[in-house]
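Q: Once you've had a glance at the structure underneath, I'll fire off some questions.
The values are calculated or read from the model by the stated rules, or taken from the named source; none is laboratory data. Since this is a predicted model, take the numbers as computed values, not measurements. A quick note on method: Cβ atoms are made from the backbone with ideal geometry, for glycine too, and the neighbour counts reach across all protein chains shown. Heads up: the accessible areas ignore ligands, DNA and RNA and are worked out on the full protein's heavy atoms, side chains in. Shrake-Rupley method; radii C 1.70, N 1.55, O 1.52, S 1.80 Å.
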Amino acid sequence: MARILGTGIATIDIINHVSSYPAEDDEVRALSQKQVRGGNATNTLVVLSQQGHDCHWCGVLIDEADAAIVENDLKHYQIDYSHCQWLNQGKMPTSYITLSEASGSRSIVHYRDCPELSFSHFSQLDLAAYDWLHFEGRNIDELSQMLQWVKLNYPALRCSLEVEKPRTGIESLFDLADVLMFSRPYAQSQGYQAAADFLDSLRSEALMSCSWGEQGAWLKHQGIVLHSPAFPPAQLKDTLGAGDTFNAGLISALVKGLSPGKALEQACRLAGHKCGQTGFANLDIKL
Ligand code: ADP
Ligand code: FRU
């Protein structure tokens with residue numbers, strides 16, 4: 001079991017289940033609706049916790065009623081959030097999600113009026129007791145300071161960085177993390193239509209993954225590019241957070257010392273399993 005700190009967002013996800021995705025200007029009725037905690041970093045931690053790790057979250061919580069949804073879920077998964085930054089102004093970030101039963105796809109409209117985690121808050125944490133830090137690639141200026149701070153003060157502490165969206169200056173972070181986790185939209189935004197070509201183009205020394213939906217994922221380590229196919233579930237139910245689950249599977253395997261190839265396979269297995277069920281419960285499966 002490893003002690004893992006994740007930084008990044010927690011959101012309120014309002015999920016409408018529909019039989020198939022509506023056309024623009026359609027009016028459709030949802031089959032069901034759920035309001036749950038979401039957000040990449042906290043999704044990843046919820047999965048890591050079920051895989052047996054001691055998980056901690058440092059992010060922003062707004063002192064308003066919706067924060068209870070986040071708190072209750074983190075408590076349920078024994079995730080420590082005592083290091084969070086509490087603020088009085090703003091609103092918990094909210095995602096309005098349409099989940100199509102026909103395809104398992106999720107379409108997200110995200111709204112945020114919530115400040116990002118600051119370096120000054122992060123730098124007060126004692127990181128000595130952690131085995132692994134995971135960061136979301138957002139808020140680049142502050143994040144750059146956080147990663148440099150870690151490198152300077154805790155040089156042996158391993159860091160992973162999720163690179164999901166293109167953001168100005170995000171490339172400047174690539175040499176500050178040990179593991180880089182890229183998404184298909186990020187690779188495409190850089191002009192690549194294949195994960196292997198994208199990874200091949202990068203010069204960072206980090207271990208790098210790039211997940212590609214139903215085609216599985218690719219990983220580059222010491223100049224060699226590996227591929228794992230996806231593990232499709234019997235029935236595709238919910239791909240919301242498939243990438244966050246993949247990242248959790250990768251971290252869990254790497255922190256246990258598994259080889260990059262085995263870690264890639266386990267991450268795809270776990271993410272495939274997640275896609276066959278709704279939400280993030282019951283991911284304590286043996287890989
Ligand atoms: P995101 O949630 O960021 O869009 P991806 O779509 O790249 O992430 O999915 C992450 C991983 O989840 C993939 O590498 C794959 O292993 C698994 N996965 C995603 N979609 C499917 C699918 N339709 N069938 C099986 N596995 C899937
Ligand atoms: C899934 C997710 C949702 C959240 C959105 C934020 O990966 O983390 O839970 O609402 O992405 O971008």
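Q: In the range 87-143, what percent of the accessible surface is made up of carbon and sulfur (1.4 Å probe, ligands and nucleic acids excluded)? Kindly include the intermediate steps, with their values, before the conclusion.
A: On the way: 1270 of 2720 Å².
Ligands and nucleic acids excluded, carbon and sulfur give 47 percent.
Q: Counting only heavy atoms of the protein chains, get the accessible area per residue of the chain (1.4 Å probe) and round it to a whole Å² value.
A: Each residue of the chain exposes 46 Å² on average to a 1.4 Å probe.
Q: Using Cα-Cα distances under 8 Å and only pairs 6 or more residues apart, what relative contact order does the chain have, in percent? Present the calculation step by step, with values, prior to reporting the outcome.
A: Values: 624 pairs, mean separation 48.9, N = 287.
Relative contact order comes out at 17 percent.
Q: Taking amide H positions as placed in the peptide plane 1.01 Å from N, state which residues far from T11 in sequence (5 or more) or on other chains have amide H under 5 Å from it.
A: Correct list: G38, G39.
Q: Give a residue-ordered list of calculated ³J(HN,Hα) values for the range 187-192 (Karplus: 6.51 cos²θ - 1.76 cosθ + 1.60, θ = phi - 60°; whole Hz; x for Gly, Pro).
A: Result, ordered by residue: 4, 5, 5, 8, x, 9 Hz.
Q: Please report, as a whole percent, how much of the solvent-accessible surface of the range 227-287 comes from carbon and sulfur atoms (probe radius 1.4 Å).
A: Answer for the range 227-287: carbon and sulfur cover 54 percent of the accessible area.
Q: Can you list the HN-Hα couplings for the range 65-73, worked out from phi with the Karplus curve (6.51, -1.76, 1.60; θ = phi - 60°), rounded to whole Hz and with x for Gly and Pro?
A: 3, 5, 4, 5, 5, 5, 4, 4, 5
Q: Lysines near K286 by alpha-carbon distance under 29 Å, same-chain residues fewer than 8 away left out - which ones?
A: Within the straight-line cut-off, K286 pairs with K34, K75, K220, K237, K256, K262, K274.
Q: If amide hydrogens are placed 1.01 Å from N in the peptide plane, which non-local residues have theirs closer than 5 Å to the one on L161?
A: Hits under the 5 Å cutoff: F135, V179, L180, M181.
Q: Net charge near V47: determine it from the other residues with C-beta under 12 Å of the C-beta of V47, scoring Lys and Arg +1 and Asp and Glu -1. Could the numbers behind the result be given before it?
A: Working: positive: K274; negative: D244, D284.
Around V47, the surrounding residues sum to -1.
Q: Taking H as built 1.01 Å from N, whose amide H comes closer than 5 Å to the amide H of L61, not counting residues under 5 places away?
A: HN-HN under 5 Å from L61: Q85, W86, L87.
Q: Averaging the inverse of every distinct alpha carbon separation and then flipping it gives the Kirkwood radius. What is it for the chain, in angstrom units?
A: 19.2 Å
Q: Calculate one ³J(HN,Hα) per residue across the range 229-240 by plugging θ = phi - 60° into the Karplus curve 6.51 cos²θ - 1.76 cosθ + 1.60, and present them in order as whole Hz with x for glycine and proline.
A: x, 6, 10, x, x, 4, 9, 6, 10, 7, 9, 5
Q: Please name which of Q89, Y77, L173 has its Cα lying farthest along the dipole of the chain towards the positive end, using unit charges on Cβ (Lys, Arg +1; Asp, Glu -1) and the Cα centre as origin.
A: Value: Y77.
Q: Assuming 0.36 nm per residue, please report the length gained on full extension of the stretch E171 to N153 beyond their Cα-Cα distance.
A: Contour length minus the Cα-Cα distance gives 4.3 nm.
Q: Counting only DSSP beta bridges with both residues in the chain, what percent are antiparallel, rounded to the nearest 5?
A: 40 percent
Q: For the range 21-176, how big is Rg over Rh, using alpha carbon atoms and the Kirkwood form of Rh?
A: Numbers: Rg = 17.4 Å, Rh = 17.5 Å.
Reported Rg/Rh, Kirkwood definition of Rh: 0.99.
Q: Provide Rg and Dmax in Å for the range 168-287, with only Cα atoms included in the calculation.
A: Looking at the range 168-287, its Cα Rg and Dmax stand at 13.9, 41 Å.
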